[in-house]
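Shown next, in structure tokens, is the structure this report addresses.
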Amino acid sequence: MRLLILGTGAMASNHATHFAAIDGVELAGAVDVDPTRLTAFCDSHNIPKRFGSIDEALDWDGFDAVANVTPDAAHHPTTMAMLAGGKHVFCEKPLATDYARALEMTTAAEKAGVVNMVNLTYRNVAQLQKAREMVLDGAVGQVRHVEASYLQSWLVSHAWGDWRTEPRWLWRLSTEHGSNGVLGDVGVHILDFAVYGAASDITRGFARLQTFHKAENDRIGDYPLDANDSFAMSVEFANGALGMIHASRFATGYLNTLRLRIFGDQGALEVQHGSDGSSLRACIGEDIEAPVWQDVTVDPVPTNYQRFVEAVRQGQSLDPTFRHAANLQRVLDLAMQTDAERRELGVRG
């Protein structure tokens, strides 16, 4: 498979490193509007072909698939161009900045008959995949309650760098610069963590978003600091379970931690993933009386990168597809609408 990397920012290096390690994958070319960044990236990853525009790359046509690692707002136009060119697309999350664009991308990909997948990173967590398998196998019985959180501390810690002075963080705090805040940045991750682990889609919800005062006049230079910093969302799942999903960048003491707890009428599961590793615990069977939680042994799983390559080889998309990511975007849009209107809404209502 000949791969084109579209966008050469920080995340693109992860894509290049992972894809280059897979047998049969050739990093054929890269595209970026910044020639200096493009040259440095291609030199670092031994990529021969360099292009300043998508049109140049499509005119060359020496690639089969695309890793789209452009900024969020550029996912839609760049992916649509690649789909029109008949290319398989592996897109960074979120698929788009709103459901309408995400649906348009989904429809175009399905009509073109190409492989389409989204890099929802935490699908790489083997413990999450095992938890879903256990839910589907009936290990916890009927799911009744779900709790999911994504906690980051980069607004109260310098461990990530200084957001007050670094544009790579400041843009994430400004809607004017394309950010939908913590909801748009990591909300898609924790929503996927919850619906995938609980093996059920979200049908209704209500969210509250909060933006906290962080600087004089809530602005630093050209960046108005108006994007949400925390969100909390109560949801109902298609399987009847009630859930609470929340995330924050003010989670002091947590660099980057996701947790999912699934409670059923015959047992419970807890997945935790962070910089110190991942774990899966279960309280099922006779253990629910004590109660006793047992660690669950988990085998390694293929990465999203490996699964995309396999999907191209098979000629068939594997989950998470564009359609799945579009459905998640619909829930994110719903969260913003319910916060604005202060009322619960159905995802399809």
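Rule-based calculations on the coordinates, nothing more; no lab input. The model shown is predicted, which means the values in this text are computed figures rather than measured ones. No Cβ is skipped: glycine too gets one built from the backbone with ideal geometry, and neighbour counts run over all protein chains shown.
Here the gap between THR211 and SER44, fully extended at 0.36 nm per residue and compared with their Cα-Cα distance, gives a gain of 56.3 nm.
Dimensions of region 136-241 based on its C-alpha atoms, expressed as ranges along the principal axes with the largest first, amount to 53, 26, 19 Å.
For the chain, the spread of Cα positions along the three principal axes, ordered from largest to smallest, is 64, 54, 41 Å.
Can you give the calculated 222 nm mean residue ellipticity of the chain, where each DSSP H run of n ≥ 4 adds -39,500 (n - 2.57) and the sum is split over every residue, rounded to the nearest 500 deg cm²/dmol? When only DSSP H runs of four or more count, the value is -10000 deg cm²/dmol.
Straightening the chain between ALA10 and HIS145 buys 44.9 nm, computed as 0.36 nm per residue apart minus the Cα-Cα spacing. On the beta carbon distance between ALA126 and ASN256, with R0 = 25 Å, the FRET formula returns roughly 0.90. Under the simplified labelling scheme, the TRP60-THR165 pair shows an inter-label distance of 3.8 nm, with each label point 7 Å from Cα along Cα→Cβ.
Peptides 66-79, 7-20 ordered by packing proxy, namely the average of other Cβ atoms within 10 Å per residue, highest first: 66-79, 7-20.
For region 2-121, the convex hull drawn through the C-alpha positions has a volume of 92 cubic angstrom per residue.
What number, in percent, do you get for the relative contact order of the chain if the mean sequence gap of Cα pairs under 8 Å and at least 6 apart is divided by its residue count? Value for the chain: 20 percent.
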